[in-house]
Structure formats: C-alpha cells, structure tokens
C-alpha cells in the first residue's frame, strides 16, 4: 500500500469517523459499485506517482430525496439507499472532497468537482446542488462550485 493511500485512508477515517456514525455513508466495495451504477462520475481520484492525493464523492439524486435529507428526515446513508440507478436525477449531493494537506488550495478539488458535475449534467437535468458542511473549507468549496456552475446551493442544517 502506497504512503499516499495510507494517508488518505487515515485522513478520511479521522475526519468523517464513519465507523462511529452509522448515519454516514461508509464507502466500501459494494457502495463503490452502486455509486458507479448511479453515474460513472460519482467518484473521482487525482493521484501522483505516490498514489492518491484527492478523493471526491458526488451523489446525483432527486429533489424529493434532497428535501427530505435537508429536513433531517433522511440520513446520508438513507439518502444513498433511496437513490436508485435509472432515476431522473435533478440535484447533486456534494458528499465529500478529501485532499492531502500539502495539495490543498491548488484548485484540485474545485476543478475535479466541476468536471464530475459537468459529466453528470450531460446525462441529467441538474437544477441544484446541496451539501453537509463538515468544515469551513468544505463550505467555501461548495459555494465556489455552485457559483461556477450557476446552480442554487442548499446546506444541510447540521454542524
């Protein structure tokens, strides 16, 4: 296992703590397969010769599911479980962007996210974005992305 991969796994584990929060989406092989079935652009990675330096996760879903999530009627895990392949997606959940510290503030997350959103928009009439703010940087990134793509951005009330 590469040093970057070990560091990325540690970063994600410490930051999101999915093992101790059953309401969060725990990305394993089965979840990755389901994400790919939703749309190939749901997961993105940027890597260098030492392994991954950025992991990005987006979930296309419906406005109805988004509203239930934002009203705290659904957990992140339930949002994922209720989103099925083949649905007419009209919103995207900006789920997570994890970047190794020395590669932050270089535009990698924004550029990668914009590419993924544009790919999803080729197949679906996306009308909005939403996110669950875990950090000030995450909030700034979500706001910059929404501005760039010209879509309204909705924020989960938790945190």
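Structural remarks
- Qualifying residue in region 107-126 (condition: farther than 20 Å from residue 152 by Cβ, surrounded by fewer than 22 Cβ atoms within 10 Å (Cβ to Cβ), modelled with pLDDT under 95 and in contact with a strand residue (DSSP E or B) (Cβ under 7 Å, 6 or more places away or on another chain)): yes
- Looking across 92, 53, one residue alone is under 26 Å from residue 147 (Cα atoms), modelled with pLDDT under 95 and touching a strand residue (DSSP E or B) at 6+ places or on another chain (Cβ under 6 Å). It is 53.
- Odd one out for residue 94, checked against (1) over 21 Å from residue 31 (Cβ atoms); (2) in contact with a helix residue (DSSP H, G or I) (Cβ under 6 Å, 6 or more places away or on another chain): (1)
Yes/no per residue for (1) touching a helix residue (DSSP H, G or I) at 6+ places or on another chain (Cβ under 6 Å); (2) without any contact (Cβ under 8 Å) to a residue 12 or more places away in the chain; (3) within 22 Å of residue 46 (Cα to Cα):
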residue	(1), (2), (3)
115	no, no, yes
120	yes, no, yes
128	no, no, no
132	no, no, no
141	yes, no, yes
145	yes, no, yes
153	yes, no, no
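- Flag if residue 84 is surrounded by fewer than 15 Cβ atoms within 10 Å (Cβ to Cβ), touching a helix residue (DSSP H, G or I) at 6+ places or on another chain (Cβ under 9 Å) and over 23 Å from residue 122 (Cα atoms): no
- Odd one out for residue 10 among (1) surrounded by 12 or more Cβ atoms within 10 Å (Cβ to Cβ); (2) modelled with pLDDT under 90: (1)
- There is no residue in region 16-37 that is at negative phi, surrounded by fewer than 19 Cβ atoms within 10 Å (Cβ to Cβ), modelled with pLDDT of 95 or more and in a loop (DSSP other than H, G, I, E, B).
The values are calculated or read from the model by the stated rules, or taken from the named source; none is laboratory data. Source: prediction; values computed, not measured. FYI the Cβ positions are ideal-geometry reconstructions off the backbone, even for glycines, and counts take in every protein chain you see.
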